[in-house]
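Okay, so here's the structure we're looking at.
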Amino acid sequence: MNLMPEFRCHRPETLEEAVRLKAELPGARFVGGGTDLLVNLRRGLGEPSDLIDLSAVTDLVAVRRIEGALWLGTGVTLADLARHPDVLDDYPAVAQAALAVAGPTHRAAATLGGNLCQDTRCVFYNQSDWWREGNGWCLKYKGDKCHVVVKSDRCYATYHGDIAPVLMVLDAEAVVAGPDSARRIKLAELYRESGAEHLTLGAGEALAAVVLPPTNGRRAGYAKARVRDAVDFPLAGVAAALRRDGDVIGELRVAITGTNSAPLMVPTAELAGRPWGNEAAASLSLALRKTANLLRTTVTAPKYRRRVMQGMARRLVDDLWNEARSG
């Protein structure tokens, strides 16, 4: 670990002040719990001129009902998110995903916004400064080539957040605050498939809230594979939301994480109106294979991660299908 770089720290008390500071300070970074950012800075991954601490912005820790939707402030800690009664009652898969993140001490500090906006990861990037220098740096930071796909002109570092795919299958929206106005976008639109620039936020923008609409009869769940069950990022993660209409699928939404540079929705519209079984599962497996771009960005082989992703998806939808029948 390196010494922390020198930076100025700001602690605004309003969201308006926070986004104004971000717009005025091009080299600034927002920090919530710091469980991702501060570790990266200790590894020499970035030298921000300023850090804007969001912990005093009280609006960001609010969870409230507005016109039937549940608004989650992005400053809510993952521990609080996992035990909030409205989340547990109506969106238990969100609590399930929050509890799948790291360990209890991490979740006590880590925030929803930080988890959604966490940096992408790669075995050639998340290393010590001397290791990366000895290997010629990489396209994501200081270098000019991707060590994963050497002839590529883009970075293939992978997004490994647990909560984003669950929010995506539940059709959540993101509220993005800027210096002049706020905008609402589908949560999936917060991301792009580029390991070096995976967030679509503008220079002076902040992720302020997540809006969860009513579930409309969907049942959702999340499954992840990881090296150590206690703390690790997903080698692959699958979220699914299912609405069952009798003996056929009314709607099935699936999203994946840990496989691409962004969490991605898997095309599943063709499964609507079909019974769930081996044939539908084979169609889903093919869609997963076509969507996922598993490369050697982790310590585990892509082939294993691909197979475990498909197996988890089948088991997860099996469980949701049976729960919908019994419920």
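For the stretch 82-93, a residue qualifies if it is outside any loop (DSSP other than H, G, I, E, B) and either open to solvent by 70 Å² or more (accessible area, probe 1.4 Å) or of a type outside the set (A, V, I, L, M) (or both), and the qualifying residues are R83, P85, D86, L88, D89, D90, P92.
The C-beta contact set for the stretch 125-149 (first residue without any contact (Cβ under 8 Å) to a residue 60 or more places away in the chain and more than 22 Å from H160 (Cβ to Cβ), second residue among the charged types (D, E, K, R) and surrounded by 13 or more Cβ atoms within 10 Å (Cβ to Cβ), distance under 9 angstrom, 6+ apart or interchain) comprises E133/K142; G136/K145. In the stretch 285-306, the residues that are touching a residue at least 60 places away in the same chain (Cβ under 8 Å) and more than 14 Å from N260 (Cα to Cα) form Cβ pairs under 8 Å with partners that are open to solvent by 30 Å² or more (accessible area, probe 1.4 Å) and assigned to a loop (DSSP other than H, G, I, E, B), at six or more places apart or across chains, as follows: V299/V123; V299/V227; T300/V227.
The residues of the stretch 183-203 that are touching a strand residue (DSSP E or B) at 6+ places or on another chain (Cβ under 9 Å) and modelled with pLDDT under 95 amount to a single one, G202. With respect to being open to solvent by less than 10 Å² (accessible area, probe 1.4 Å) and either acidic (D, E) or free of Cβ contacts under 8 Å to residues at least 12 places away in the same chain (or both), D162 fits the description.
Residue check: is R65 part of a helix (DSSP H, G or I) and of a type outside the set (S, T, N, Q)?
On the way: part of a helix (DSSP H, G or I): no; of a type outside the set (S, T, N, Q): yes.
It is false that R65 is part of a helix (DSSP H, G or I) and of a type outside the set (S, T, N, Q).
When V175 is tested against the conditions (1) open to solvent by less than 10 Å² (accessible area, probe 1.4 Å); (2) out of contact with any Asp or Glu (no Cβ under 6 Å at 6 or more places or on another chain); (3) under 28 Å from E24 (Cα atoms), the lone failure is (1). When Q96 is tested against (1) open to solvent by 50 Å² or more (accessible area, probe 1.4 Å); (2) under 15 Å from S55 (Cβ atoms); (3) not hydroxyl-bearing (S, T, Y), exactly one condition is not met: (2).
Note on the stretch 288-307: among residues that are hydrophobic (A, V, I, L, M, F, W, C) and closer than 18 Å to V166 by Cα, the one that is farthest from the chain's Cα centre (by Cα) is L288. The set of residues in the stretch 1-47 that are out of contact with any helix residue (DSSP H, G or I) (no Cβ under 8 Å at 6 or more places or on another chain), open to solvent by less than 60 Å² (accessible area, probe 1.4 Å) and in a loop (DSSP other than H, G, I, E, B) comprises L25, G27, L45.
Run down A220, A164, A236 and say which single residue is hydrophobic (A, V, I, L, M, F, W, C) and over 14 Å from the mean Cα position of the chain (by Cα). Break it down stepwise before answering.
Working: A164 fails: over 14 Å from the mean Cα position of the chain (by Cα); A236 fails: over 14 Å from the mean Cα position of the chain (by Cα).
Exactly one residue qualifies, and that residue is A220.
A110 passes every criterion in (1) modelled with pLDDT of 95 or more; (2) more than 23 Å from A56 (Cα to Cα); (3) not β-branched (V, I, T) apart from (2).
In the stretch 59-80, how many are more than 17 Å from G114 (Cβ to Cβ) and open to solvent by 10 Å² or more (accessible area, probe 1.4 Å)? Write out each step before concluding.
Looking only at the stretch 59-80, we keep the residues that are more than 17 Å from G114 (Cβ to Cβ), and these are 64-71.
Cutting the leftovers down to open to solvent by 10 Å² or more (accessible area, probe 1.4 Å) gives us 64-69, 71.
The qualifying residues number 7.
The values are calculated or read from the model by the stated rules, or taken from the named source; none is laboratory data. What you see is a predicted model; the values in this text were computed from it and never measured. No Cβ is skipped: glycine too gets one built from the backbone with ideal geometry, and neighbour counts run over all protein chains shown. Areas reflect the complete protein model, heavy atoms only, side chains present, ligands, DNA and RNA absent. Shrake-Rupley method; radii C 1.70, N 1.55, O 1.52, S 1.80 Å.
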